[in-house]
Amino acid sequence: MASVKANPAKMGRPRSFREDEALDAAMRVFWQKGYEGTSLDDLTGAMKINRSSLYSTFGDKEALFRRVMKQYSAGPLSFMSEALNLKTARAVVEALLRMSVKFLGDPGHPPGCLSIQGGLACGSGNEEVKQAMVDWRKAGLAQLQKRLQRARAEGDLRKGVDPKDLARLIMIVMNGLGIQAVNGATPAEMNRAVDLALQSLRL
């Protein structure tokens, strides 16, 4: 009888979960409960893994949250990059606001925006996470400022409109839409607010 050789590819204990699916599950928990309100039991329950697997694959809670931030930017928040690539400042601004409404009105995910929900309630013991969230939001603002500065150079903005001030105003409106979504505003209600914002901007 011929001997059976072990297959090296099958040796060892295979991982019983997919990292991307586990990250998506963690993202939903952080999105819904915020960083500080999320416990390790919440995470392991949602991700369907034990603490040992969580630590060995993702690191501690903070490291996992930073991975989730990247996942969120590349996934649910990817519409921002799409909007910034449009040809005119008007198109960029309208797309950011309209797509924000569409995103915030999607019942398939927790209400609001992780970039706001995730870190605003962090206490004194989580300064690094709070700062990471601040830096994350500032990076988004900087990207929009850069795009509007380009529009200014191309003659695509009205004279007297400061690209930095306009970018900050747009981010304030987007953040406000996120809060309104948490408060139960409907997409129709938020779109009417966007209509007024666009009329006042006169881009």
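The values are calculated or read from the model by the stated rules, or taken from the named source; none is laboratory data. All of these numbers come straight from a predicted model, not from anything done at the bench. Here Cβ is always computed from backbone atoms with ideal geometry, including for glycine, and neighbour counts include all displayed protein chains. Heads up: the accessible areas ignore ligands, DNA and RNA and are worked out on the full protein's heavy atoms, side chains in. Shrake-Rupley method; radii C 1.70, N 1.55, O 1.52, S 1.80 Å.
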Subject >> Exclusive hit being open to solvent by 70 Å² or more (accessible area, probe 1.4 Å) and aromatic (Phe, Trp, Tyr), set Tyr35, Tyr72, Tyr55 >> reply: Tyr55
**OP:** Considering (1) assigned to a loop (DSSP other than H, G, I, E, B); (2) closer than 21 Å to Leu198 by Cβ; (3) in contact (Cβ under 8 Å) with a residue 12 or more places away in the chain, say which one Gly160 fails and leave the rest.
**Re:** (3)
Original post:
In this structure, is Leu97 crowded, with 16+ Cβ neighbours inside 10 Å and in a helix (DSSP H, G or I)?
Top reply: yes
Original post:
With Lys70, Lys130, Lys138 as the choices, which residue is among the basic types (Lys, Arg) and within 30 Å of Leu203 (Cα to Cα)?
Top reply: Lys138
Original post:
Just to be sure, is Arg147 open to solvent by 50 Å² or more (accessible area, probe 1.4 Å), modelled with pLDDT of 95 or more and outside the structural domain of Glu36 (by TED's automatic domain parsing)?
Top reply: no
Subject >> Answer residue from the range 82-91, given it is of a type in the set (Gly, Ala, Ser) and without any contact (Cβ under 8 Å) to a residue 24 or more places away in the chain and is surrounded by the fewest Cβ atoms within 10 Å (Cβ to Cβ) among those >> reply: Ala91
Original post:
What number of residues within the range 102-133 satisfy the criterion of being more than 18 Å from Leu64 (Cβ to Cβ), at pLDDT 90 or above and in a helix (DSSP H, G or I)?
Top reply: 3
